[in-house]
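Have a look at the structure below, then the notes.
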Amino acid sequence: MITAQRLHALVRKEFLQILRDPSAIAIAFVLPVFLLFLFGYGVSLDAHHVPVAVVVEQPTQETNEFVAGLSQSTYFQIHPFTQLTAARAALMRHEVDGVLWLRSDFTRALLQQRTAPFGILVNGVDANTARLLEGYLQGVWQTWLQQRATRSGQILHLPATLENRIWFNPALRSRNYLVPGLIAVIMTLIGALLTALVVAREWERGTMEALMATPVSLLELLLGKLIPYFLLGMGGMALSVCMALWLFAVPLEGSLGLLILASALFLLVALGMGLLISTVARNQFVAGQIAIIVTFLPAFILSGFIFDIGSMPEPIQFMTHIVAARYFVALLQTLFLAGNVPEVILTNAAALLLMALIFFGLTWRQSRKRLD
Amino acid sequence: MSSATPAVVELQGCSKWFQRAGQRVLALNAVTAQVAQGRVTGLLGPDGAGKTTLMRLAASLFHPDQGEVQVLGLNSRTQGAQIQQLIGYMPQRFGLYEELTVQENLDLYAALQGLEPSRQRARQQELLALTALGPFGARRAGQLSGGMKQKLGLACALLRAPALLLLDEPTVGVDPISRRELWQIILGLRHQGLSVLVSTAYLDEAERCDDLLLLHQGQLLEHAPHPVLTAPLQGCCFLVTQPGLSRRLLQSRLRQRTGVLDATIQAEGVRVVCREPQALPQPPEQWMPIAPRFEDAFVVRLYQAQHSGAASEATPKATPKAIPSAVPSVSPPRPEPLTQPIQATGPTFSPEPVIEVHDLIRRFGEFVAVKGISFTVLRGQIFGLLGANGAGKTTTFNMLCGLLSPTAGTLRVAGEQLGRAAAQARRNIGYVAQKFSLYGHLSVLQNLAFFSALYGLRGAHKTARIQWALDEFELTPFALANSQDLPLGFKQRLALACALMHQPLILFLDEPTSGVDPLARRDFWKRINQLADSGVTVMITTHFMEEAEYCDQLVLMSLGEILAQGTPQSVRALAARPDQAQPSMEEAFITLIQQHESPLRRAS
């Protein structure tokens, strides 16, 4: 079924086309770099230098101490006020994202060891920042109380103290989990979108018809598309991993070998999807639309790369099981941040393998060396 | 058909349906035919006749829904892979990879066809020599001219010396010079014993084929060698001339005469096909017997098919009916098209210039597409713009329509200086683009309404014009049909109607007749002639050389310059040489262009 001469000619042709067609290069190399820069530098889910209004109604030594502590933190940018109404107006104008209100009885209450003598207002429009801010401010308050107690030789009596230990991403850098997840999206693009587009292009330009009238076999035709884009995809992968490790300083806790294996497996699934799409869509516009809707967008939204799957409604959670990127995102985040965790790696890899087999099986069943 | 030669392709009652817009469309209707070994078999028919479907059946790219196909003794259903080992196939757009060079395309197809690497070089050299592509090995296929692409596609199909060569419309969109070169190659291959099946919409190419398969609307109308087809018409074909009478007028008179099946303008007179052999009739007309050609046989066959129920796309009446215009003359200076009675002895309007072009130049960066051309078109003329691919026809055309601004030179259209008053000038222009630019998902009525609105017609006037278009172009039965579902000939009528809604002074037609059947083409030219007689100026580009004869004046362009200008007769006379005293328009075209381009072609 396969002759080396024909397969070699097909692969060579594909590479020549990739090299000479700027759009393929753009999808394979420029887009990954662009996305990595965007998500590595532009999008951050952490709070830094959040503008906060601090209302001190009656300055005392204690309030000064507290505010000074607050302004040392890199999380906040302090805007001092003396009236709550003025601070609230600033919140309305979006000059600050939150208001910390130290009432006039702050010091008195503190000295009498009464509870919670300050108020927090946050702007709920940006729910994510608001929740972060709330947590940070409470944390700062607790720390300050503790320090104060230690200094004065007292033991602080709280009903229960919370002790936080953050595993796998101690600095809580969102970049550390965004960048590995992004690699899954990039691979989906190269594997599915590019493959679907280039096959559709052959139909559009009539070259597919000419190919099919030659003695070339169906397997050769499929391998002739698979091999070049597999290599291209692994190239895009290598580029992304290098950028992750050295540009964004994401740690790689697991083994490189497993990372390569997992990527190869996922790339096969993506290529399978691309080939399956190309058996249906015979023009580039339709192929592009289908590829974006059924592969790229789900990889973005339903893979757990940005949005936590556990917090999705049940039916949507169920749907994520057919999104291949979901398993790859889990694999990548585990390998990069946690290390070689056998259970996670085995179950997710098995899921990918199954999906790859399904997509190739369907493609093989759908493809015929005929035009009708 | 010659029973001595075995068949390389045998179709037995083949039918093929396609799913289009939820309907099953019959593309090929119980076709039984053979392609004989060692001969060139032409597959002729207008667009949509089923030519490509038949080609793909032979290449085992389609399986028939009914019937069987045997290719080189192999069944296409079960032995497709073996068939594809033996055939060479060139699809409609040549199947070339535009990003790859000439050499790389040849390498790819040599490998795919399993040509032994040791023989590869020698065979490629042979084919590069045959197609004269040798000097262009390193050029990318996308940068070749249409004619060169076509020859490269042919070379790719020939690499492994196939037993059967299938060529699907190899000459479409290619200028006459390239067409002639391609046919020389094909006939050369036939001498080496190759069997060739070639499809074409150009009826004059039938003359070059040994056998003909004539397809129309999925049915095989005829299956015979060329002389067999034309034999019944011996003595029925005449070239009629009458001194002092314009050819157009003579044509319309002859067409109405009983016993006359077909009348077309040719050379100095009118070509007439009669129902039966005629005694030479009355002076002052001079009837000269001529040999029948394939198109005559085709047209007669289509008329017969029409009478037996299977209608052609166009349904021309024996007598053109004079349709009273539904619109009272709203803008008096404008001519009222298509109301001219046939009896008129000539144009009644003064022949003032309508288009004046002077030293027109258009550059694209370094490249000069149009190099300072000048010509004048008078009112009511049919003016043809001819030239090979890349001659600058389209560029000139676009400048005349105000779609492209000239780099230098002056351009007056209907008295308006284009560029300064382009919008005003465009109001006087109607334009029919090559692919008709209709809205496929809109109905005929909606298309008409849209184009009228575009030209600012409204109210009662608009309603009246739409009614006029439906009546005049016999579109009423299709008024609610989507324009994409119309047969090609009706699409062409609708496109023409849309361009005429605002009663333009000038009509621009860009290759309006490619692909439509000969009857639809005759119908179309009848309308164009009537328009011209009523004072509309018609500017046309065409690839059909015999259509150049229908023009009053023409301009022959090559490499951005005008080679020849004048009446068809005078242009033909320019190419007269001792060995071709009376060149046809196509011969004149080729001679003049080769004279002009050969020093430049040699230089490159």
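Total residues in the stretch B:367-392 satisfying the condition of being at pLDDT 85 or above, within 22 Å of the chain's Cα centre (by Cα) and either of a type in the set (D, E) or not in a strand (DSSP E or B) (or both): the figure is 1.
Return yes or no: is A:T129 modelled with pLDDT under 75, crowded, with 16+ Cβ neighbours inside 10 Å and out of contact with any Phe, Trp or Tyr (no Cβ under 9 Å at 6 or more places or on another chain)? Can you show your working first?
Details: modelled with pLDDT under 75: yes; crowded, with 16+ Cβ neighbours inside 10 Å: yes; out of contact with any Phe, Trp or Tyr (no Cβ under 9 Å at 6 or more places or on another chain): yes.
Yes: the conditions hold for A:T129.
With respect to A:V52, determine if the residue is more than 30 Å from B:E99 (Cα to Cα), surrounded by fewer than 18 Cβ atoms within 10 Å (Cβ to Cβ), touching a residue at least 40 places away in the same chain (Cβ under 8 Å) and out of contact with any Ser or Thr (no Cβ under 7 Å at 6 or more places or on another chain). Answer is no for this residue. Of the strands (runs of 3 or more DSSP E) lying entirely inside the stretch B:16-74, not one carries at least 3 residues that are in contact (Cβ under 8 Å) with a residue 24 or more places away in the chain and at positive phi. Is one or more of the residues making up the stretch A:26-37 more than 10 Å from every other protein chain (Cβ to nearest Cβ) and under 15 Å from B:E99 (Cβ atoms)? Yes, some residue in the stretch A:26-37 is more than 10 Å from every other protein chain (Cβ to nearest Cβ) and under 15 Å from B:E99 (Cβ atoms). All conditions in (1) assigned to a helix (DSSP H, G or I); (2) closer than 18 Å to B:K151 by Cβ hold for B:Y89, with the sole exception of (1). Inclusion of B:A497 among residues that are over 29 Å from B:V172 (Cα atoms) and in a helix (DSSP H, G or I) is not warranted.
Does at least one position in the stretch B:95-104 carry a residue that is more than 7 Å from every other protein chain (Cβ to nearest Cβ), surrounded by fewer than 24 Cβ atoms within 10 Å (Cβ to Cβ), assigned to a helix (DSSP H, G or I) and without any contact (Cβ under 8 Å) to a residue 40 or more places away in the chain? The answer is yes; a qualifying residue exists.
Residue-wise test of (1) more than 12 Å from chain A (Cβ to nearest Cβ); (2) closer than 24 Å to B:T542 by Cα; (3) in contact with an Asp or Glu (Cβ under 6 Å, 6 or more places away or on another chain).
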{"site": "B:G147", "(1), (2), (3)": "yes, yes, no"}
{"site": "B:L152", "(1), (2), (3)": "no, no, no"}
{"site": "B:A155", "(1), (2), (3)": "yes, no, no"}
{"site": "B:L166", "(1), (2), (3)": "no, no, no"}
{"site": "B:E169", "(1), (2), (3)": "no, yes, no"}
{"site": "B:V174", "(1), (2), (3)": "yes, yes, no"}
{"site": "B:I177", "(1), (2), (3)": "yes, yes, no"}
{"site": "B:R180", "(1), (2), (3)": "yes, yes, no"}
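Looking at B:A59 and the list (1) out of contact with any strand residue (DSSP E or B) (no Cβ under 7 Å at 6 or more places or on another chain); (2) at the interface with chain A (Cβ under 8 Å from one of its Cβ atoms), which single condition is not satisfied? For B:A59, the exception is condition (1). Tell me yes or no: at least one residue of the stretch B:125-132 is touching a helix residue (DSSP H, G or I) at 6+ places or on another chain (Cβ under 9 Å), within 13 Å of another protein chain (Cβ to nearest Cβ) and not in a helix (DSSP H, G or I). Checked the stretch B:125-132: no residue is touching a helix residue (DSSP H, G or I) at 6+ places or on another chain (Cβ under 9 Å), within 13 Å of another protein chain (Cβ to nearest Cβ) and not in a helix (DSSP H, G or I).
Based on this model, can you work out whether A:M212 counts as under 30 Å from B:Q113 (Cβ atoms) and buried (at least 24 other Cβ atoms within 10 Å of the Cβ)? For A:M212, the condition - under 30 Å from B:Q113 (Cβ atoms) and buried (at least 24 other Cβ atoms within 10 Å of the Cβ) - is met. When B:Q434 is tested against (1) of a type in the set (S, T, N, Q); (2) part of a strand (DSSP E or B); (3) within 23 Å of the chain's Cα centre (by Cα), just one condition goes unmet, and that condition is (2).
For the stretch A:170-190, give me each residue that is out of contact with any helix residue (DSSP H, G or I) (no Cβ under 8 Å at 6 or more places or on another chain) and either at pLDDT 85 or above or not in a helix (DSSP H, G or I) (or both).
So in the stretch A:170-190, the residues out of contact with any helix residue (DSSP H, G or I) (no Cβ under 8 Å at 6 or more places or on another chain) come out as A:170-174.
Residues satisfying the conditions are A:P170, A:A171, A:L172, A:R173.
Just one residue in the set A:M319, A:M355 is of a type outside the set (D, E), part of a helix (DSSP H, G or I) and over 19 Å from the mean Cα position of the chain (by Cα); that residue is A:M355.
Checked against (1) at pLDDT 85 or above; (2) more than 24 Å from B:V299 (Cβ to Cβ); (3) of a type outside the set (A, V, I, L, M), B:D175 meets all criteria but (1). Can you tell me which residue is surrounded by the fewest Cβ atoms within 10 Å (Cβ to Cβ) among those in the stretch A:7-23 that are over 13 Å from B:N105 (Cα atoms) and facing chain B (nearest Cβ under 10 Å)? By that ranking, first place goes to A:L19.
The residue that is nearest to the other protein chains (Cβ to nearest Cβ), counting only those in the stretch B:72-86 that are of a type outside the set (S, T, Y) and more than 19 Å from A:E220 (Cα to Cα), is B:R77.
So that you can scan it fast, the table gives a plain yes or no per residue for (1) outside the structural domain of A:I190 (by TED's automatic domain parsing); (2) without any contact (Cβ under 8 Å) to a residue 12 or more places away in the chain; (3) among the aromatic types (F, W, Y); (4) surrounded by 22 or more Cβ atoms within 10 Å (Cβ to Cβ):
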residue: A:Y229; (1), (2), (3), (4): no, no, yes, yes
residue: A:W246; (1), (2), (3), (4): no, yes, yes, no
residue: A:G257; (1), (2), (3), (4): no, yes, no, no
residue: A:A262; (1), (2), (3), (4): no, no, no, yes
residue: A:F296; (1), (2), (3), (4): no, no, yes, no
residue: A:F300; (1), (2), (3), (4): no, no, yes, no
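Among the residues of the stretch B:357-366, write down those that are in a strand (DSSP E or B) and without any contact (Cβ under 8 Å) to a residue 40 or more places away in the chain. Give the steps one after another, and end with the answer.
Kept after step one, since they are in a strand (DSSP E or B), are these residues of the stretch B:357-366: B:357-364.
B:F364 - this is the single residue of the stretch B:357-366 that is in a strand (DSSP E or B) and without any contact (Cβ under 8 Å) to a residue 40 or more places away in the chain.
Tallying residues that are modelled with pLDDT under 90 and more than 8 Å from chain A (Cβ to nearest Cβ) within the stretch B:105-116 yields 2. Taken over the stretch B:435-470, the criterion of being modelled with pLDDT under 85 and either closer than 20 Å to B:V536 by Cα or touching a Lys or Arg at 6+ places or on another chain (Cβ under 6 Å) (or both) is satisfied by B:F436 alone.
Considering (1) over 25 Å from the mean Cα position of the chain (by Cα); (2) surrounded by fewer than 24 Cβ atoms within 10 Å (Cβ to Cβ), the lone condition that B:G48 does not fulfil carries the number (1).
Quick check on B:E222: is it in contact (Cβ under 8 Å) with a residue 40 or more places away in the chain, over 30 Å from B:A161 (Cβ atoms) and either crowded, with 18+ Cβ neighbours inside 10 Å or out of contact with any Gly (no Cβ under 9 Å at 6 or more places or on another chain) (or both)?
Details: in contact (Cβ under 8 Å) with a residue 40 or more places away in the chain: yes; over 30 Å from B:A161 (Cβ atoms): yes; either crowded, with 18+ Cβ neighbours inside 10 Å or out of contact with any Gly (no Cβ under 9 Å at 6 or more places or on another chain) (or both): yes.
Taking the combined requirement at face value, the residue satisfies it.
Can you tell me how many residues in the stretch A:323-353 are farther than 13 Å from A:A262 by Cβ, touching a residue at least 24 places away in the same chain (Cβ under 8 Å) and surrounded by fewer than 18 Cβ atoms within 10 Å (Cβ to Cβ)? Number of matching residues: 2. B:L11 passes every criterion in (1) in a strand (DSSP E or B); (2) surrounded by fewer than 24 Cβ atoms within 10 Å (Cβ to Cβ); (3) out of contact with any Lys or Arg (no Cβ under 8 Å at 6 or more places or on another chain) apart from (2).
The values are calculated or read from the model by the stated rules, or taken from the named source; none is laboratory data. This is a predicted model, so every value here is computed, not measured. Methodologically, a virtual Cβ is constructed for each residue, glycine included, from the backbone with ideal geometry; neighbour enumeration extends over all protein chains shown.
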